[in-house]
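This report concerns only the one structure given below.
Bear in mind that the values in this text are calculations on the coordinates, not laboratory data. Model, not experiment: these values are computed from the prediction. Here the Cβ positions follow ideal geometry from the backbone for every residue, glycine too, while neighbour counts run over all protein chains shown.
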Amino acid sequence: MEISTARLRLREFLASDAPAVLRYQNDPEYLKFYEWESRTPQEVQEFINLFLDWQAETPRSKFQLAITLRQSGKLIGNVGIRQMTAESREADLGYELDPQYWGMGYASEAAHAMLDFAFTTLGILTVTAEVIAENQRSQRVLERMGMQLTQRSQADQYFKGRWWDTLHYALPSRDWTPASNA
């Protein structure tokens, strides 16, 4: 599976993507909103192996794709739509991006492409997403896509020696207008 946008190519993961993922997942800016302090090569390979397993599922319900720059092919993150089952009409959107590429609109471009895939190809009725409340960049990506804040869970995640609030977002297919969200 592959999706192309103006600047990005979203493609299936390869086992050989591990070094690029390891590099950005150990960036201190990336690590701010994750429970781990650093990532080992083995952890990253297991992370990618999960995506490879999802690729082989039939029927498929989870689509986690590598975000690569269209011109160079460089891997800069990942984005995905994940259903509980292939029959489910609700899915979760998730993404992460190498901090070196933050603020350039790549996360929004990738998220937009996956939302369009979810609504137009998979027939999803509602896409949800969760974000740590302090992660304002990620909140802006979701809000740019038209997602609405539905709930704030206070102090529901504990890591890095403190409690974190989680924000829950949703976007029903009836509110998705691809042209206005591009």
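As a rough footprinting exposure proxy, the listed residues GLU90, GLU46 were ranked by other beta carbons within 10 Å of their own, and the order from fewest upward is GLU46, GLU90. Placing pseudo-labels 7 Å out from each Cα toward the beta carbon at GLU29 and LYS74 gives an inter-label distance of 1.3 nm. The distance between label points at ALA133 and SER153 comes to 1.4 nm (points 7 Å beyond Cα on the Cα→Cβ vector). Each of GLN45, HIS112, SER153 was placed along the dipole of region 2-181 (beta-carbon charges, centred on the mean Cα), and the one lying farthest toward the positive end is HIS112.
Starting from the Kirkwood Rh over alpha-carbon pairs, what translational D in µm² s⁻¹ does region 4-68 have by Stokes-Einstein at 25 °C and 0.890 mPa s? Rounded to a whole number, D works out at 189 µm²/s.
Ordering SER108, SER16 by the number of other Cβ atoms within 10 Å of each residue's own Cβ, fewest first, gives SER16, SER108. As a proxy for reagent exposure, LEU22, LEU14 were ordered by neighbouring Cβ count within 10 angstrom, fewest first; the result is LEU14, LEU22.
For GLN55, neighbours were defined as the other residues whose beta-carbon sits under 14 Å from its Cβ, and their charges (Lys and Arg +1, Asp and Glu -1) total -1. Taking 8 Å as the Cα distance limit and 6 or more residues as the minimum spacing, I'd like the relative contact order of region 2-181 as a percentage. Across region 2-181, relative contact order equals 18 percent.
Between the amide H of ARG70 and those of LEU8, ARG9, distances stay under 5 Å, these residues lying 5 or more places away or on another chain, with hydrogens modeled in the peptide plane.
Applying 0.36 nm per residue to the separation of SER88 and HIS168 and subtracting their alpha-carbon distance, the gain on full extension is 26.9 nm.
Looking at the square roots a ≥ b ≥ c of the eigenvalues of the Cα gyration tensor of the chain, which shape do they give, rounded for a/c under 1.5, prolate if a/b is larger than b/c, or oblate? Taking the square roots of the gyration eigenvalues as a ≥ b ≥ c, the chain is rounded. Gain on full extension, evaluated as 0.36 nm per residue between ASN49 and THR177 minus their Cα-Cα distance, stands at 42.7 nm.
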